[in-house]
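Taking it in order: structure first as structure tokens, then the write-up.
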Amino acid sequence: MLSAEWRTNISGYSAFSIPHSALVVTMGKSLPVFNFSQIAGTLDSLEQQVKRFITAPNDGRTVDDFKPFLVALNLTKRCNLKCAHCYLDATTKAGGGSDELTTTECYRLIDQIAEVNKGCLLVITGGEPLTRPDILDIARHAVAVGFMVVFGTNGMLINDRMAKKLVEIGVMGVGISIDSLDPQKHDKFRGLPGAWEGAVAGIEACKRNGLQFQVHFSAQPMNYKELPDVIEWAHTLGAKVLNVFFMVCTGRGEELTDITPAQYEEVLEYLVNCQDTYKDMLVRARCAPHFKRLAYEKDPDSPITKARGYMGGGCLAGTNYARVTPNGELTPCPYMPLSAGNIREKSFAELWEKSDIFDSFRYPHLKGKCGDCEYSEICGGCRARPYVDHGDWLDEDQWCLYTPKGGEKVRVAFNTAEDFDGVWDEAAQTRLSRIPYFLRAMVKKGVERHAREHGIAVITVELMEELRKKRFGNEAPVFKF
Ligand code: SF4
Ligand code: SF4
């Protein structure tokens, strides 16, 4: 039997997706994208500030540990909705920004990301990505280059024709946001009557045409009590993944649209406890890193704690995750408008590899209770929350109620090497090498564990296939091996 985390990661491609309209950091307040190169006068002091945050690595990590394996492409500001949490004014949403990356610039960006890591997952989103006229060409280009591509969408523009096209192009799936089972509540939040029906019609079109879908739920004070019902509903619909997003709000007491830390903890505890109920649907908290701390407290061997970083609910901002804004700024995550620079001026590789800002996430010196916390290596807190609160992204995450007890750091099982005396034959090695690198270690570990437990000395393609079928039935593999 394959390890649970393999399932978690393979079926959870969308574990990486971001909610539709996660174009900006905040609920209720806009923050400009902050590009160091545009503020020459204050550059030195800011650079010094960033460098003070960086601790030199001495734990054996190399540049390969910091390859992007999830890049969110916010390719347009245009949108057919008026969501309460979106900072864009109606005019911009209708017309889009005049400075959005052109089709050619998008192609070039995709080619440049491929130079750094072709095995990465691209999440195409917006605004509403399907309002961009050339979006299918861009998706087609990304698939042709070899990327796994998913869409983050409100679902309203997905009919049978669109679903068929997305399947034909090779798009792996779509994430569709549902904020409530009460259509009126959903519509109110999304700012348009009929938005709920449109989203559900989009899901039905996906189902009819064999396009994988997942449901995205953004936890807010108005809907968090509905979560158990939404999970059950998504399961009945046939979703493979349900992601619960915790949006990042601006300053404490400023725009109290965020759920409180106590409500946050309540939702996370529910999510940890419901894992065993939905064996065939991945239910995960996103952008709530202390989900991993709660899961560990319940069961140190749970698949959530074993899964690496964001795949288990942790944060990969700046380490394996980045976002490109509609006009080309590269930031650590969609909720953090802290730019390493613009891809119109420098290549993706240069920005990814040589940014002090990104380095500050890779070799962080966390402050406050996150710095003292024994869970900092599997959790580390959300960096966007302290950033939007007071500008210091390495400060403690105040939406976590935990008081660190000190002592040894809890380390993830992901990095624990296991003994395996057998061999992989050539064909199996080739197949393994085609699995996206960020899943490869998990798959390898799962297959080797099975082989060890069953006294199998040689791992073959047939064994890999047998294990895949055991886990996923006869469905086609999510990745093209
Ligand atoms: S910093 Fe990490 S946890 Fe916080 S919003 Fe960004 S990706 Fe999510
Ligand atoms: S204190 Fe920080 S590192 Fe510790 S569990 Fe809370 S958010 Fe995570």
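Below is a table of values for the structure above.
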| quantity | calculated |
| --- | --- |
| Theoretical gain in end-to-end length, residue 181 to residue 401 [0.36 nm per residue, Cα-Cα removed] | 76.3 nm |
| Whole-Å distance, taken between Cα centres, linking the range 207-237 and the range 349-368 | 34 |
| Inter-label distance for residue 411 and residue 345, nm, one decimal - labels placed 7 Å from Cα along Cα-to-Cβ | 4.0 |
| Approximate spin-label separation residue 103-residue 232, in nm, with each point projected 7 Å along Cα-to-Cβ | 4.8 |
| HN-Hα J in Hz across the range 171-181 - Karplus 6.51, -1.76, 1.60, θ = phi - 60°, x for Gly and Pro | 5, 6, x, 9, x, 10, 7, 10, 9, 6, 8 |
| Segment residue 460-residue 167, extension gain: residue separation times 0.36 nm, minus the distance between their alpha carbons | 102.4 nm |
| Under 5 Å, built H, 5+ apart or other chain: amide partners of residue 241 | 215, 282 |
| Exceeding the 18 Å Cα-Cα cut-off - candidates 298/369; 279/445; 298/444; 164/207; 369/409 | 298/369; 279/445; 298/444 |
| Simple spin-label estimate for residue 277 and residue 297 in nanometres, 7 Å along Cα-Cβ | 2.0 |
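Rule-based calculations on the coordinates, nothing more; no lab input. In this text the structure is predicted, and so the values were computed from the model without any measurement. FYI the Cβ positions are ideal-geometry reconstructions off the backbone, even for glycines, and counts take in every protein chain you see.
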